[in-house]
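No lab work stands behind these numbers, since they all come straight from the coordinates. Please read all numbers here as calculations on a predicted model, not as lab measurements. Virtual Cβ from ideal backbone geometry, glycine too; neighbours counted across all protein chains shown.
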């Protein structure tokens, strides 16, 4: 007498291990790049910080304080605050004018480099009569005068501890 054939459709489906192996073969290059990225993130301690952020702050405060306690961190924070104060005191109109002038100057310099233009002795001597160069030199001299005045006044001011 014949025996019934036992058939389980799950036997035809690949196992989880087989699916992982197939996926690994298909994505070998991407996995190698991802491992390289993970290695870089780990070496720069970015991964460590991200893990703490994902855990919802568990140890995140300690980690932040640990970073702030490293040499130079307090000095860097002070420098950033001083930079913010300095930028806050600059007239936006004047800064916009200088930014535009700098942009135009860089563009002109790049054009001359691309064209292979070099400055000859005759051009250097004629620059004294060029109104654009005269205006730019006047601006640079004004910056130097203001810079020097501020340094001199700081040296003559009574010693006040910088906080």
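In a solvent-free Debye calculation with one equal scatterer on each Cα, what is log10 I(q)/I(0) for region 30-87 at q = 0.12, 0.18, 0.31 Å⁻¹, listed in the order of the q values?
Relative scattering, expressed as log10 I(q)/I(0), comes to -0.46, -0.79, -1.09.
Just subtract the alpha-carbon distance of residue 156 and residue 99 from 0.36 nm times their residue separation and send over the number in nm, one decimal. Each step should come with its number before you reach the end.
Values: separation 57, 0.36 × 57 = 20.52 nm, distance 3.21 nm.
17.3 nm is the gain from fully extending residue 156 to residue 99.
Can you tell me the length gained on complete extension of the stretch residue 79 to residue 118, counting 0.36 nm per residue apart and subtracting the Cα distance?
10.1 nm
Using a Gaussian network model on the chain with a 10 Å cutoff between Cα atoms, which of 16, 104, 136 fluctuates the most?
16
Nearest 10 degrees is fine. How inclined is helix 73-89 to the longest principal axis of the chain, computing both from alpha carbons?
Compared with the principal axis, the helix lies near 50 degrees.
When the helix-only estimate is applied to the chain (DSSP H runs of n ≥ 4, each -39,500 (n - 2.57), divided by the residue count), what is the mean residue ellipticity at 222 nm, nearest 500 deg cm²/dmol?
-23500 deg cm²/dmol
Tell me, what is the FRET efficiency for residue 132 and residue 86 to the nearest 0.05, using R0 = 30 angstrom and their Cβ-Cβ distance as r? Intermediate values should be presented prior to the final figure.
On the way: r = 29 Å, r/R0 = 0.96.
Here the calculated transfer efficiency is 0.55.
Cα axis of helix 92-115 to longest principal axis of the chain: angle in degrees, 0 to 90, nearest 10?
Helix 92-115 sits roughly 80 degrees off the main axis of the chain.
For residue 46 and residue 69, compute 0.36 nm times the residue count separating them, minus their Cα-Cα distance, and round to one decimal in nm.
Extra length from residue 46 to residue 69 when fully extended: 6.5 nm.
Points 7 angstrom from Cα along the Cβ direction at residue 19 and residue 111: gap in nanometres?
Taking the simple label geometry, residue 19 and residue 111 are separated by 6.3 nm.
First check a/c for the chain, with a ≥ b ≥ c the square roots of the eigenvalues of its C-alpha gyration tensor; if it is under 1.5, answer rounded, and if not, answer prolate when a/b is larger than b/c or oblate otherwise.
It comes out oblate by the Cα gyration axes.
I'd like the FRET efficiency for residue 5 and residue 27, computed as 1/(1 + (r/R0)^6) with the beta carbon distance as r and R0 of 41 Å, rounded to 0.05.
Plugging the Cβ-Cβ distance into 1/(1 + (r/R0)^6) gives 0.65.
Over the Cα atoms of region 88-159, what is the Rg over Rh ratio if Rh follows Kirkwood?
We get a ratio of 1.12 for region 88-159.
Cα axis of helix 131-156 to longest principal axis of the chain: angle in degrees, 0 to 90, nearest 10?
It works out to around 90 degrees.
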